[in-house]
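The values are calculated or read from the model by the stated rules, or taken from the named source; none is laboratory data. All values derive from a computational prediction rather than experimental measurement. Quick reminder, even Gly has a Cβ in these numbers, built from the backbone with ideal geometry, and neighbours come from all protein chains shown. Side chains are part of the model used for accessible areas, which takes the heavy atoms of the whole protein and leaves out ligands, DNA and RNA. Shrake-Rupley method; radii C 1.70, N 1.55, O 1.52, S 1.80 Å.
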Amino acid sequence: MADKQHFEAIVGDIGRKLWSIFPADAVEMRFEAQFHEWMQTAGVSQWTRRDGVQGQYAGFGSRPEEVEESIKVDLARMRTLDIFLPRPWNHVTVTLTETAKINFDYAYVDEIDQWPRLHLIGISALEQAEATRDYGIPAADWQHVASEVLKIRRAEYEAARALGDAVIQHAVEQNIKDLQSRIEAAAI
(Lines give C-alpha, C1' and ligand atoms only; values in the text may rest on other atoms or scores of the structure.)
Protein backbone atom coordinates (compact mmCIF):
# COMPACT_ATOMS: atom_id res chain seq x y z
CA MET A 1 0.00 0.00 0.00
CA ALA A 2 1.39 3.41 -0.96
CA ASP A 3 2.07 6.08 1.67
CA LYS A 4 -0.97 8.12 0.59
CA GLN A 5 -3.22 5.09 1.07
CA HIS A 6 -1.65 4.33 4.47
CA PHE A 7 -2.16 7.95 5.47
CA GLU A 8 -5.80 7.95 4.36
CA ALA A 9 -6.46 4.66 6.17
CA ILE A 10 -4.95 6.00 9.39
CA VAL A 11 -6.94 9.24 9.11
CA GLY A 12 -10.10 7.19 8.64
CA ASP A 13 -9.31 5.02 11.68
CA ILE A 14 -8.63 8.06 13.85
CA GLY A 15 -11.83 9.76 12.67
CA ARG A 16 -13.94 6.69 13.50
CA LYS A 17 -12.33 6.32 16.93
CA LEU A 18 -12.84 9.99 17.80
CA TRP A 19 -16.43 9.81 16.54
CA SER A 20 -17.05 6.85 18.87
CA ILE A 21 -16.32 9.10 21.89
CA PHE A 22 -17.70 12.37 20.46
CA PRO A 23 -19.96 13.93 23.14
CA ALA A 24 -23.61 14.25 22.09
CA ASP A 25 -23.69 17.98 22.90
CA ALA A 26 -20.40 18.83 21.18
CA VAL A 27 -19.76 20.74 17.97
CA GLU A 28 -15.99 20.15 17.97
CA MET A 29 -13.48 17.90 19.74
CA ARG A 30 -9.70 18.33 19.98
CA PHE A 31 -7.20 15.52 20.48
CA GLU A 32 -3.60 16.51 21.18
CA ALA A 33 -0.47 14.35 21.12
CA GLN A 34 3.25 14.89 21.66
CA PHE A 35 5.97 12.38 20.83
CA HIS A 36 9.42 12.77 22.40
CA GLU A 37 12.29 10.41 23.12
CA TRP A 38 11.60 10.78 26.83
CA MET A 39 7.78 10.76 26.79
CA GLN A 40 4.63 10.39 24.74
CA THR A 41 1.34 12.02 25.67
CA ALA A 42 -1.97 11.88 23.90
CA GLY A 43 -5.60 12.49 24.69
CA VAL A 44 -8.71 14.53 24.17
CA SER A 45 -7.80 18.02 25.32
CA GLN A 46 -11.27 19.51 25.14
CA TRP A 47 -14.48 19.81 23.20
CA THR A 48 -16.77 22.71 22.49
CA ARG A 49 -20.46 22.34 23.32
CA ARG A 50 -23.26 23.86 21.28
CA ASP A 51 -23.63 26.59 23.93
CA GLY A 52 -19.95 27.54 23.40
CA VAL A 53 -18.78 26.18 26.76
CA GLN A 54 -15.56 24.12 26.77
CA GLY A 55 -15.92 20.55 28.02
CA GLN A 56 -13.26 18.27 29.49
CA TYR A 57 -13.13 14.90 31.16
CA ALA A 58 -13.25 15.35 34.92
CA GLY A 59 -12.48 12.83 37.56
CA PHE A 60 -10.64 9.56 37.76
CA GLY A 61 -11.84 6.94 35.29
CA SER A 62 -13.88 9.34 33.16
CA ARG A 63 -11.48 9.38 30.20
CA PRO A 64 -11.88 6.93 27.29
CA GLU A 65 -8.29 5.76 27.84
CA GLU A 66 -8.43 2.72 25.56
CA VAL A 67 -9.62 4.81 22.61
CA GLU A 68 -7.07 7.53 23.37
CA GLU A 69 -4.25 4.95 23.52
CA SER A 70 -5.37 3.41 20.24
CA ILE A 71 -5.36 6.83 18.55
CA LYS A 72 -1.88 7.50 19.96
CA VAL A 73 -0.69 4.25 18.34
CA ASP A 74 -2.27 5.32 15.03
CA LEU A 75 -0.53 8.70 15.22
CA ALA A 76 2.81 7.03 16.03
CA ARG A 77 2.37 4.91 12.88
CA MET A 78 1.47 8.02 10.87
CA ARG A 79 4.73 9.73 11.92
CA THR A 80 6.75 6.95 10.23
CA LEU A 81 5.26 7.51 6.79
CA ASP A 82 7.69 8.71 4.14
CA ILE A 83 5.64 11.86 3.56
CA PHE A 84 6.77 13.11 6.99
CA LEU A 85 10.47 12.40 6.52
CA PRO A 86 13.28 13.41 7.03
CA ARG A 87 12.01 15.06 10.23
CA PRO A 88 8.62 13.81 11.37
CA TRP A 89 6.41 16.07 13.41
CA ASN A 90 6.30 15.51 17.15
CA HIS A 91 3.24 17.61 18.04
CA VAL A 92 -0.19 17.17 16.52
CA THR A 93 -3.72 18.42 17.15
CA VAL A 94 -6.57 16.51 15.56
CA THR A 95 -9.87 18.37 15.40
CA LEU A 96 -13.16 16.61 14.63
CA THR A 97 -16.41 18.54 14.08
CA GLU A 98 -20.01 17.48 14.49
CA THR A 99 -20.21 17.26 10.69
CA ALA A 100 -17.39 14.66 10.79
CA LYS A 101 -14.82 17.06 9.27
CA ILE A 102 -11.36 16.11 10.50
CA ASN A 103 -8.30 18.35 10.50
CA PHE A 104 -4.67 17.74 11.51
CA ASP A 105 -2.25 20.47 12.62
CA TYR A 106 1.37 19.30 12.84
CA ALA A 107 4.54 20.85 14.25
CA TYR A 108 8.10 19.82 14.92
CA VAL A 109 9.43 21.31 18.16
CA ASP A 110 13.08 20.69 19.04
CA GLU A 111 13.55 18.78 22.29
CA ILE A 112 15.33 21.72 23.92
CA ASP A 113 12.43 23.99 22.92
CA GLN A 114 9.76 21.98 24.79
CA TRP A 115 7.84 23.26 27.80
CA PRO A 116 4.81 21.90 29.67
CA ARG A 117 1.56 23.55 28.57
CA LEU A 118 3.03 24.57 25.20
CA HIS A 119 1.61 22.68 22.24
CA LEU A 120 2.52 23.10 18.56
CA ILE A 121 5.09 25.78 19.48
CA GLY A 122 8.35 25.92 21.38
CA ILE A 123 9.62 28.32 24.01
CA SER A 124 11.66 30.21 21.42
CA ALA A 125 8.51 31.08 19.42
CA LEU A 126 7.33 33.25 22.32
CA GLU A 127 8.47 36.71 23.30
CA GLN A 128 10.44 36.50 26.56
CA ALA A 129 7.88 38.60 28.47
CA GLU A 130 5.00 36.42 27.22
CA ALA A 131 6.89 33.24 28.11
CA THR A 132 7.46 34.46 31.67
CA ARG A 133 4.04 36.04 32.20
CA ASP A 134 1.79 33.42 30.56
CA TYR A 135 3.74 30.18 30.99
CA GLY A 136 5.96 30.77 34.03
CA ILE A 137 9.17 30.26 32.05
CA PRO A 138 12.03 31.97 33.88
CA ALA A 139 13.72 34.67 31.79
CA ALA A 140 17.10 32.94 32.08
CA ASP A 141 15.63 29.66 30.81
CA TRP A 142 13.97 31.44 27.89
CA GLN A 143 17.27 33.18 27.02
CA HIS A 144 19.21 29.89 27.16
CA VAL A 145 16.69 27.99 25.03
CA ALA A 146 16.34 30.81 22.49
CA SER A 147 20.14 30.99 22.11
CA GLU A 148 20.42 27.20 21.65
CA VAL A 149 17.59 27.12 19.11
CA LEU A 150 19.26 29.97 17.24
CA LYS A 151 22.41 27.83 16.95
CA ILE A 152 20.32 24.92 15.63
CA ARG A 153 18.60 27.14 13.04
CA ARG A 154 21.95 28.55 11.86
CA ALA A 155 23.25 25.00 11.37
CA GLU A 156 20.07 24.11 9.43
CA TYR A 157 20.55 27.21 7.28
CA GLU A 158 24.14 26.23 6.46
CA ALA A 159 23.06 22.66 5.65
CA ALA A 160 20.32 23.94 3.31
CA ARG A 161 22.79 26.33 1.68
CA ALA A 162 25.29 23.50 1.15
CA LEU A 163 22.56 21.39 -0.48
CA GLY A 164 21.36 24.30 -2.60
CA ASP A 165 17.83 24.04 -1.13
CA ALA A 166 16.66 27.64 -1.53
CA VAL A 167 13.15 26.98 -0.19
CA ILE A 168 14.37 25.56 3.13
CA GLN A 169 17.15 28.14 3.26
CA HIS A 170 14.65 31.01 2.92
CA ALA A 171 12.27 29.56 5.55
CA VAL A 172 15.06 29.00 8.06
CA GLU A 173 16.54 32.43 7.33
CA GLN A 174 13.21 34.06 8.22
CA ASN A 175 13.02 31.95 11.38
CA ILE A 176 16.53 33.11 12.34
CA LYS A 177 15.62 36.77 11.81
CA ASP A 178 12.45 36.44 13.89
CA LEU A 179 14.30 34.66 16.70
CA GLN A 180 17.15 37.21 16.68
CA SER A 181 14.56 39.98 16.98
CA ARG A 182 12.94 38.30 20.00
CA ILE A 183 16.36 37.80 21.65
CA GLU A 184 17.34 41.43 21.01
CA ALA A 185 13.99 42.70 22.33
CA ALA A 186 14.45 40.67 25.53
CA ALA A 187 17.88 42.23 26.07
CA ILE A 188 16.48 45.76 26.13
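When a/c is below 1.5 the answer is rounded, else prolate if a/b is larger than b/c, else oblate, so apply that to segment 55-188 with a ≥ b ≥ c taken from the square roots of the Cα gyration tensor eigenvalues.
It comes out oblate by the Cα gyration axes.
Skip the ligands, DNA and RNA, and give the accessible area per residue of segment 1-132 with a 1.4 Å probe, whole Å².
For segment 1-132, the solvent-accessible area averages 55 Å² per residue.
Would you kindly state the longest site-free stretch of the chain, with sites defined as chymotrypsin sites (Phe, Trp or Tyr not before Pro) in a DSSP loop (not H, G, I, E, B) surrounded by at most 11 other Cβ atoms within 10 Å?
My reading of the result: 61-188 is the longest stretch.
Mind listing the phi-derived Karplus ³J(HN,Hα) values for segment 99-105, rounded to whole Hz, using 6.51, -1.76 and 1.60 with θ = phi - 60°, and x for any glycine or proline?
8, 6, 7, 10, 9, 10, 10
Given the options 86, 108, 9, identify the residue whose Cα lies farthest towards the positive end of the charge dipole of the chain (+1 on Cβ of Lys, Arg; -1 on Cβ of Asp, Glu).
Value computed over the given set: 9.
Can you give me the solvent accessible area of residue 10 with a 1.4 Å probe, rounded to the nearest 10 Å²?
10
Under the rule that an exposed site lies in a DSSP loop and has at most 15 other Cβ atoms within 10 Å, name the longest stretch of the chain with no trypsin sites (Lys or Arg not before Pro) of that kind, not counting the sites themselves.
It works out to 118-188.
What residues have an amide H closer than 5 Å to that of residue 55, excluding those fewer than 5 places away on the same chain, when H is modeled at 1.01 Å from N in the peptide plane?
47, 48, 49
With θ taken as phi - 60° and the coefficients 6.51, -1.76 and 1.60, list the Karplus ³J(HN,Hα) couplings across segment 161-170 in order, rounded to whole Hz; mark glycine and proline as x.
So the Karplus estimates, Gly and Pro as x, are 5, 5, 7, x, 8, 5, 5, 5, 4, 5 Hz.
Would you mind calculating the relative contact order of the chain from Cα pairs under 8 angstrom and at least 6 residues apart, reporting the percent as a whole number?
16 percent.
Report in % the part of the accessible area of the chain that belongs to carbon and sulfur, leaving out ligands and nucleic acids; probe 1.4 Å.
So the carbon and sulfur contribution to the accessible surface is 54 percent.
I need the shape label for segment 87-136. Rule: rounded when a/c is under 1.5, else prolate if a/b > b/c, else oblate, with a, b, c from the alpha carbon gyration tensor.
Taking the square roots of the gyration eigenvalues as a ≥ b ≥ c, segment 87-136 is oblate.
For residue 126, what is the net charge nearby, where nearby means another residue's Cβ is under 11 Å from its Cβ and Lys, Arg count +1, Asp, Glu -1?
Here the count lands on -2.
Compute the distance from the alpha-carbon center of segment 1-25 to that of segment 51-120, in whole Å.
12
Could you derive backbone 3J(HN,Hα) for segment 130-145 from the dihedral phi with the Karplus parameters 6.51, -1.76 and 1.60 (θ = phi - 60°), listing whole Hz in sequence and x where the residue is Gly or Pro?
So the J values, rounded to whole Hz, are 5, 4, 6, 5, 8, 10, x, 7, x, 4, 5, 5, 4, 4, 4, 5.
Could you work out Rg/(2.2 N^0.38 Å) for segment 1-88, with Rg from alpha carbons only?
Segment 1-88 yields a ratio of 1.21.
Please check: in the Gaussian network model of the chain (C-alpha springs, under 10 Å), which one of 122, 52, 15 has the largest mean-square fluctuation.
It is 52.
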